[in-house]
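So the structure is just underneath, and the comments pick up after that.
The values are calculated or read from the model by the stated rules, or taken from the named source; none is laboratory data. These figures come from a predicted structure and were not determined experimentally. All Cβ positions, even for glycine, are placed from backbone atoms using ideal geometry, and neighbour counts span all protein chains on display. For accessibility, only protein heavy atoms count, side chains too; no ligands or nucleic acids. Shrake-Rupley method; radii C 1.70, N 1.55, O 1.52, S 1.80 Å.
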Amino acid sequence: MSTETQTLEFQAETKQLLDLMIHSLYTQKEIFLRELISNASDALDRRRVKALEDSNLEFESEPRIRIEVDRESRTLTLIDNGIGMTRDEVIANIGTIANSGTRKFMEELRENKAEGAELPSMIGQFGVGFYSSFMVADRVVLETRKAGEEKGTRWASEGDGTFTAEESELDSVGTRISMHLKAQTEEDGDEFQDFTAEWVLREIVRKYSDFVEYPIEMDVEREEGEDDEKKMVTQTVTLNSQKPLWTRAKDEITDVEYAEFYKHISHDWTEPFEKVHLAVEGTSVYRALVFVPKQRPFELLDPNRSKSNVDLYVKRVHIESECEGLMPLWLRFVVGVVDSEDLPLNVSRETLQQNRVLAQIKKRLTRKVVEVLKGRLEEDRAGYLEFWNSFGQVIKEGIYFDDGFQKEVTEITLFNTTNEEGPRTLDEYIAAMPEGQKAIYYLAGEDKETLAQSVHLEIAKKLGYEVLLLSDAVDEFAFQKLNEYEGKEIIALDKGDLDLEDDSDKEEREAKAKELEPLLAAVKEELEDAVSEVRFSTRLTDSPVALVTGSGAMTANLERIMREARQPVTETARVLELNPTHPLIERLMTIHSEEGDSSRFADYCDLIHGQALVREGSAVPHPEHFAKLIAQLMM
Ligand code: ADP
């Protein structure tokens, strides 16, 4: 490791970000302290976890965060005895490599051109917290020594595009960040806050970081003694109550406190949509405080995203971040903490997965979250719809993962339907069913607009039935599992035999099929393996042809989804249904009766099949041949 001072450049994105911090953000500068305290608290968490495995990393004194103020030189210093960083980590984390958070933040800014007041509150969400120190300081020095290392590192920058890194002697493990505070400028106006003033720091800590579980300490000067013997003494005071919010009684917590806590743990800048705060006594004793966000995070559907956003504590001690097994996968956007009294402190990650205590907590919490969502669905349709647009796609996975909540998830799911009034629940769908409708009908495909044009809707339209139009990939999977709801069968309109004809139609069709059996056989022969069967349709009223999936087979939509997900697909030939009353099919019949299996008949068979494919948005197997046939027809 080199010992000399290195001068390095910030990466372009980081530079832009710093520039923005320094020049465009005027309001709410105070949040820099929240960001730095949050980093310090994370560093203490990490050291505590590591120390469980390696006694060399144990704390030499109590874990704590300290604020030091030097009014004369206008420096504010934040010190923690957390895990610290190596030189390489400092360079990687704070400087050269703009992390993905920074990049996303800059992209978002460019796209949305957020207003001044929103900017600072967006900062935390993107993991650009440390740089916010440059909002208040014109020079920042970070000194850090990693737990288990001998030497420390000193990093310094004036936020001007470069920073220096050098080795430094530090007698204790942890991180200290010294900020040389800027002087008041005109831009500050009345907003000016003197971050060296005790009361200002107290207020900021109370406002944003009261629940941080480590003491945030500061030395203050106090007068002591009687009138003539007054003298100034220095006392160390703790600025935060340190009381984890979830341990407090619900009725003592204000909405603002809940919201700040949510923002602290989620890095979201908006208020939460809903919360569940539980204190459970009984066979299992625990507290839980979880929040349902309002805003969809960027990486919601990213498969590399963590599978949980709930942290596990045991008796107020942080055990694991993003602990799987506390929330089902379909609620992976729920953010919060669970604090158990029953688990041992040294519970290992491996055993956590199958832990019965956790499984019980998960079940109860899931039920509660679904309950509050249901409440919102009933009382605040507009708000729920907005929420649903953000997270519905993920929640619907719960219909597929049959973990005992299929019915509950289905109840809070909104579906697009042929009804124009907006998405509906299945209960609403059932309530609106006309007399005689026995089942729930759906059609799944790529998008709502194409679906609304599908030939498969014809029979439903004729009967006045509403149809669910499903266009999320997850719908196909969910509906494979969901065969019925409230005793009503759930049926895909483009699959298997539809039993929707009335008796006289059926008789007529069957008679016709018998009479024209040679025609149906001839079409099948022409199309060979491209279709599995050719028959007269029970579902078409206006269109000449449709392709139908056999009852056990994958629909064309599911094949498409699997292909897009690069999954192996075994294509199954589908059934070609002809509408015997359509002039086009009548023409086909005439040609066949006059010419038999002529080449014209063969071409018409191909045209009809191709038309059915084009109509549903599928590719025609031999487009050049299809195009040629159409050209011939036109000539
Ligand atoms: P974020 O905290 O959102 O990841 P920051 O820019 O604030 O983004 O910090 C970048 C990284 O630097 C952190 O993820 C952490 O690894 C490291 N870091 C920041 N502050 C500290 C600290 N006080 N102690 C140890 N590591 C820290």
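Here are a few things to note about the model shown:
- Distance cut-off 30 Å, percentage of C-alpha pairs in the chain lying past it: 66 percent
- Compared with the rule-of-thumb size 2.2 N^0.38 Å for a compact globular protein, region 528-635 has a Cα radius of gyration ratio of 1.14.
- Cα-centred dipole magnitude for the chain, charges only on beta-carbon of K, R (+1) and D, E (-1), debye, nearest 20: 860 debye
- The Stokes-Einstein estimate for region 245-381, based on a Kirkwood radius over Cα pairs and taken at 20 °C with 1.002 mPa s viscosity, is a diffusion coefficient of 139 µm²/s.
- Straight-distance candidates among the lysines for linking to LYS151, with alpha-carbon spacing under 20 Å and chain neighbours fewer than 8 residues away dropped: LYS50.
- Mean accessible surface per residue for the chain, computed with a 1.4 Å probe while every protein chain stays in place, in Å²: 50 Å²
- Gain in span if fully extended, LYS512 to VAL233, counting 0.36 nm per residue against the direct Cα distance: 89.9 nm
- Under 28 Å of direct C-alpha separation, and excluding same-chain neighbours fewer than eight residues apart, LYS628 reaches these lysines: LYS524.
- Model label points for LYS15 and ASP503, set 7 angstrom from Cα along the Cα-to-Cβ axis, are 8.4 nm apart.
- Accessible surface of the chain, 1.4 Å probe: 46 percent of it comes from carbon and sulfur atoms.
- Here the contact order of the chain, divided by its residue count and restricted to Cα pairs under 8 Å and six or more residues apart, works out to 8 percent.
- R0 of 35 Å, Cβ-Cβ distance ALA432-PHE401: FRET efficiency to nearest 0.05: 0.75
- Computed P(r) (all Cα pairs; region 139-287; 5 Å bins; percent): 2, 7, 10, 11, 13, 16, 15, 11, 8, 5, 2, 1, 0
- Count, lysine Cα pairs under 21 Å in region 415-493, 8 or more residues apart or across chains: 8
- Annotation for LEU52 and ASN389: the two label points, set 7 Å from Cα along the Cα-Cβ direction, are 4.2 nm apart.
- Segment MET634..ASN483, full-extension length gain: 49.7 nm, with 0.36 nm per residue of separation and the alpha-carbon distance subtracted.
- Proximal lysines to LYS182, defined as alpha-carbon separation beneath 30 angstrom and excluding residues fewer than eight positions away on the same chain: LYS15, LYS29, LYS104, LYS113, LYS146, LYS207, LYS263
- Under the Debye formula (equal points on every Cα, no solvent term), log10 I(q)/I(0) of region 415-493 at q = 0.15, 0.18, 0.22, 0.26 Å⁻¹: -0.46, -0.69, -1.07, -1.52
- Full extension of the segment from GLU420 to SER241, taken as 0.36 nm per residue of separation minus the current Cα-Cα distance, would add 59.1 nm.
- Within the chain, helix-based [θ] at 222 nm, where runs of 4 or more DSSP H residues each add -39,500 (n - 2.57), nearest 500: -11500 deg cm²/dmol
- Within the chain, percent of DSSP bridges classed antiparallel, to nearest 5: 75 percent
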